[in-house]
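The values are calculated or read from the model by the stated rules, or taken from the named source; none is laboratory data. Since the structure is predicted, the reported quantities are computational estimates derived from the model, not experimental observations. Glycine gets a Cβ as well: all are built from the backbone with ideal geometry, and neighbour counts include every protein chain shown.
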Amino acid sequence: MSEVSVTENAGGPAPAADRLVVLDHVNKHFGALHVLQDIDLTINRGEVVVVIGPSGSGKSTLCRTINRLETIDSGSITIDGKPLPQEGRELARLRADVGMVFQSFNLFAHKTVLENVMLGQTKVRRTDKAKAAEKARALLDRVGVGTQADKYPAQLSGGQQQRVAIARALAMDPKVMLFDEPTSALDPEMINEVLDVMQQLARDGMTMVVVTHEMGFARSAANRVVFMADGRIVEEAEPNQFFNNPRSERAKDFLSKILHH
Amino acid sequence: MNVLLDYLPEFRDGFLGTLAITASSGLLALVLGVLIAGFRVSPIPPLRAFGTGWVTVLRNTPLTLLFLVAFFVVPQILFQGASPFVLATLALGFYTSSFVCEAVRSGINTVPLGQAEAARSIGMTFTQTLRLIVLPQATRTVLAPLSSILIALTKNSAIAGAFSFAELFSVSKLLNDKGYTVAWIFLWTALGYLVITFSISGLFRLLERRMGVAR
């Protein structure tokens with residue numbers, strides 16, 4: 001009993017082990033623009049949280065603050081019980097545990113697909129080359145681009161590049177994966193191949209934060225939908241509840257504009 | 001015409017002197033320049049300030065003044081009894097490093113920010129990101145300005161001749177003082193420089209062709 005109360009004091013009301021990412025009163029400004037206003041968000045282990053909202057609502061920024069690609073002005077962010085450290089080795093170690101997938105893929109242009117997936121393992125995790133290559137090939141097969149291993153990123157289609165980027169992040173065995181609009185730069189016919197990989201990941205129990213405009217994915221894969229507008233979290237709900245019966249006017253307005261076409 | 005044949009050993013030594021001083025100070029400039037460029041884009045403010053200071057001081061000081069410092073101040077404090085070769089290498093290398101630094105920094109800025117973000121997001125440190133991801137992709141853009149900088153260095157090395165280091169310019173001055181026809185001396189001296197500068201631009205053209213990065 002006493003042990004439980006100790007964890008509660010350290011971590012708050014919910015069992016500390018389940019709370020993987022905790023944002024507490026996070027604020028950020030870009031000059032005069034208050035992009036993140038008092039954001040409170042908790043992501044539990046194994047949960048898939050989809051963040052949606054209009055452009056400029058701060059959802060990408062929110063995603064990027066979680067691995068400190070964007071710094072915050074006030075508030076706190078903890079990952080697996082550890083507050084985000086300052087820039088340096090400590091932060092690098094923590095980032096290795098947080099996978100990130102970007103809108104523009106950002107594969108290393110001067111490395112082959114296989115090297116892209118191996119690099120983090122060999123240079124950050126210090127895995128030996130043969131083992132890293134074996135794991136990289138397995139991951140590339142898993143995302144369906146195993147045959148492209150020796151090509152350079154520029155030789156691949158957008159959908160293939162994005163799946164390689166997912167494999168690159170998975171190679172680090174991350175505790176949580178952040179997706180920053182992973183399908184927004186893709187041709188329509190390539191969106192599904194990326195979403196399929198993400199669906200599979202979600203089913204495998206990966207903890208995911210997904211910023212997206214893909215409402216279909218939000219409906220089918222999310223445990224929870226977070227709706228942001230003007231730098232605030234306006235509504236948080238389970239997907240069915242959110243799409244069929246949104247509580248806030250702002251969400252009703254947003255959904256009416258995107259769903260009725 | 002006869003000047004060359006009569007003083008072939010002197011011309012040869014002068015040519016080798018220019019070659020040696022260019023190579024050694026070029027190497028020093030490249031190493032220092034890349035290092036200082038790393039400082040200038042580093043997340044640590046004191047390193048950035050140091051890099052900015054380095055470039056500001058060395059780039060804006062006349063080279064002759066740097067030579068005066070290297071030959072008359074430095075030996076008093078540090079390298080007592082250092083050879084003119086070492087002192088000239090220091091002056092030329094430090095001076096040129098500021099230009100190399102700025103060329104490398106401009107190359108770093110051409111690499112899309114996303115590349116560094118992706119590297120950081122898989123847990124690479126700043127140094128790893130720079131060494132493994134950013135600098136290799138910056139190299140190709142840096143080659144063109146770098147070849148100009150090294151050619152300028154070759155010609156700047158003539159100043160070392162005025163500071164008791166035997167190279168092409170000092171040989172031409174020596175023969176000039178002996179009363180030979182200026183035109184011929186200059187022609188041979190110029191040819192010596194051209195051999196080096198053409199080799200540099202040729203080498204860099206080759207490198208540029210071999211280092212294409214597909215995007």
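Results for (1) surrounded by 16 or more Cβ atoms within 10 Å (Cβ to Cβ); (2) more than 30 Å from B:THR189 (Cβ to Cβ); (3) of a type in the set (A, V, I, L, M, F, W, C), shown as yes or no for each residue.
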{"residue": "B:ARG12", "(1), (2), (3)": "no, no, no"}
{"residue": "B:THR22", "(1), (2), (3)": "yes, no, no"}
{"residue": "B:TRP54", "(1), (2), (3)": "yes, yes, yes"}
{"residue": "B:ARG59", "(1), (2), (3)": "no, no, no"}
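The strands (runs of 3 or more DSSP E) found wholly in region A:29-145 and carrying at least 3 residues that are among the small types (Gly, Ala, Ser) occupy A:74-79. Residues of region B:107-157 that are of a type in the set (A, V, I, L, M) and more than 13 Å from every other protein chain (Cβ to nearest Cβ): B:ILE108, B:VAL142, B:LEU143, B:ALA144, B:LEU146, B:ILE149, B:LEU150, B:ILE151, B:ALA152, B:LEU153. May I ask you to verify whether B:PRO45 is of a type outside the set (Lys, Arg), within 14 Å of chain A (Cβ to nearest Cβ), surrounded by fewer than 22 Cβ atoms within 10 Å (Cβ to Cβ) and farther than 27 Å from A:HIS110 by Cβ? Answer is yes for this residue. Checked against the criterion of being in contact with a strand residue (DSSP E or B) (Cβ under 9 Å, 6 or more places away or on another chain), in a helix (DSSP H, G or I) and free of Cβ contacts under 8 Å to residues at least 24 places away in the same chain, region B:121-141 contains one or more residues that satisfy it. Filter region A:147-165 down to residues that are out of contact with any Gly (no Cβ under 8 Å at 6 or more places or on another chain) and closer than 19 Å to A:GLN199 by Cα and give me whichever is nearest to the other protein chains (Cβ to nearest Cβ). So the residue we want is A:ALA165.
In the set (1) of a type in the set (S, T, N, Q); (2) loosely packed, with under 15 Cβ neighbours inside 10 Å; (3) closer than 14 Å to B:CYS101 by Cα, the condition left unmet by B:THR64 is number (3).
For region A:151-162, which positions are of a type outside the set (A, V, I, L, M, F, W, C) and over 14 Å from the mean Cα position of the chain (by Cα)? Of everything in region A:151-162, those that are of a type outside the set (A, V, I, L, M, F, W, C) and over 14 Å from the mean Cα position of the chain (by Cα) turn out to be A:LYS151, A:TYR152, A:PRO153, A:GLN155, A:SER157, A:GLY158, A:GLY159, A:GLN160, A:GLN161. Only one of the numbered conditions (1) touching a Pro at 6+ places or on another chain (Cβ under 6 Å); (2) of a type outside the set (Phe, Trp, Tyr); (3) farther than 27 Å from A:THR127 by Cα is violated by A:GLY99, and that is (3). Selection over region A:118-138 of residues that are crowded, with 18+ Cβ neighbours inside 10 Å and more than 13 Å from chain B (Cβ to nearest Cβ) gives a count of 2. Considering region A:194-203, and only residues there that are crowded, with 19+ Cβ neighbours inside 10 Å and closer than 19 Å to A:SER157 by Cβ, the residue that is nearest to the chain's Cα centre (by Cα) turns out to be A:MET198. If the condition is being more than 7 Å from chain B (Cβ to nearest Cβ) and within 30 Å of A:GLY81 (Cβ to Cβ), then region A:92-117 contributes A:LEU94, A:ASP97, A:VAL98, A:GLY99, A:VAL101, A:GLN103, A:VAL117. The helices (runs of 4 or more DSSP H) found entirely in region B:1-110 that carry 2 or more residues being polar (S, T, N, Q) and at pLDDT 95 or above are B:8-40, B:45-60, B:84-110.
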